[in-house]
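Reviewing the structure listed below.
The values are calculated or read from the model by the stated rules, or taken from the named source; none is laboratory data. Keep in mind it's a predicted model, so treat the numbers as computed, not measured. When we count neighbours, we look across all protein chains shown, and the Cβ atoms used for this are built from the backbone with ideal geometry, even at glycine. Ligands, DNA and RNA are excluded from the accessible area calculation, which covers all protein heavy atoms including side chains. Shrake-Rupley method; radii C 1.70, N 1.55, O 1.52, S 1.80 Å.
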Amino acid sequence: MAVVLAAGSSRRFGAADKRCAILPGGRRLLAAAVARAQEAFPLLRVVLREDDDPAALGLAVSTPILRAPRAGRGLGASLGDAIAALGRDDALANVGAAAILLGDMPYIRLETLHALQRQATRSGIVRPRYADRPGHPVLFGRDFWPELETLDGDDGAREVIRRHRDRYREIAVEDPGVCRDIDTPGDLLPLRE
C-alpha cells in the first residue's frame, strides 16, 4: 500500500499552496503525485491537514483521505498520525508494508515504484538510491509501524531507519525522480535527464 504525505505547510514555496501548483502538462502537483502512486499501489491513502478540502487540491472524490491532527508539528507527526490510522483500519490487517511517498514528488517512474514494491517485506525497510543519494519512497514493513506511530516533530523516520540498519536496504535505480521534490516555483520545470 501507499501513503502519500501531503499535510505540510510548504513555506519555501511562498504564499501559494504548492499542492495546487500546475505542472507542465496542466496537472496539479499533488494530483499528479497521487495518480502516479495509484498506478503502482492498489491500496492508497493521502494524508492531509484537518482543514484541507481534497477537491480544492485537485483530488478525486473517491481518493481515500487520512487526516493528520498534528500536521502543524511537522512531517514526523503527520507520518505518525497516518500510520496510527492505518493500524486501526481492519480492512488493512493483511497489509505487510507501506510505501511512504511525498506529495511533492510527482516525477518518480512507475517502473521504480514496481521494483521497490517487489522488494517490500513485513520485516524490512526498502529505499531507492540514485547517483549516490537516498531517495523516496521509503517502504516500511509492518513490523516498524508501532515505532512510526510514535513519531513527532519534523524529522520523519530517520531514527527508525538508523535503529534498524540491519533490516534496511537501498535499491539502486536509474530514476532521478526519486530525489526530486518540488520546494520552490522554479522546481516545477520539467525534469531534464
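Here are the numbers for the structure shown:
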read-out	value
Computed [θ] at 222 nm, deg cm²/dmol, the chain (DSSP H ≥ 4; -39,500 (n - 2.57); rounded to nearest 500)	-7000 deg cm²/dmol
Within-14-Å neighbourhood charge of Q38 [Cβ basis; K, R +1; D, E -1]	+2
Leading residue at positive end of dipole, segment 51-90 (Cβ point charges), from S78, P64, P54	S78
Projected-area mean, segment 104-193, by convex hull of Cα positions, square nanometres	6.5 nm²
Label-to-label distance, nm, for residues given as A56 and A93 (7 Å Cα→Cβ offset)	3.8 nm
Among 154-164, 100-110, the order from most to least packed when residues are scored by Cβ within 10 Å on average	100-110, 154-164
For peptides 131-139, 55-63, sequence by mean Cβ density within 10 Å, most packed first	131-139, 55-63
Carbon/sulfur fraction of accessible area - segment 1-67, other protein chains in place, 1.4 Å, %	50 percent
Rg and Dmax of segment 52-121, Cα atoms only, in Å	13.9, 35
Accessible solvent surface per residue of the chain, calculated while the other protein chains remain in place, 1.4 angstrom probe, Å²	49 Å²
Whole-number D in µm²/s for the chain (Stokes-Einstein; Kirkwood sum over Cα pairs; 25 °C, 0.890 mPa s)	148 µm²/s
Size of charge dipole - segment 1-158 - debye, nearest 20, with Cβ of Lys, Arg +1 and Asp, Glu -1, no other charges	480 debye
Highest to lowest packing among 69-79, 27-37, scored as the average C-beta count within 10 Å	27-37, 69-79
Residues in segment 15-49 that a label on R122 would reach, taking backbone N under 19 Å of a point 7 Å out along Cα→Cβ	43
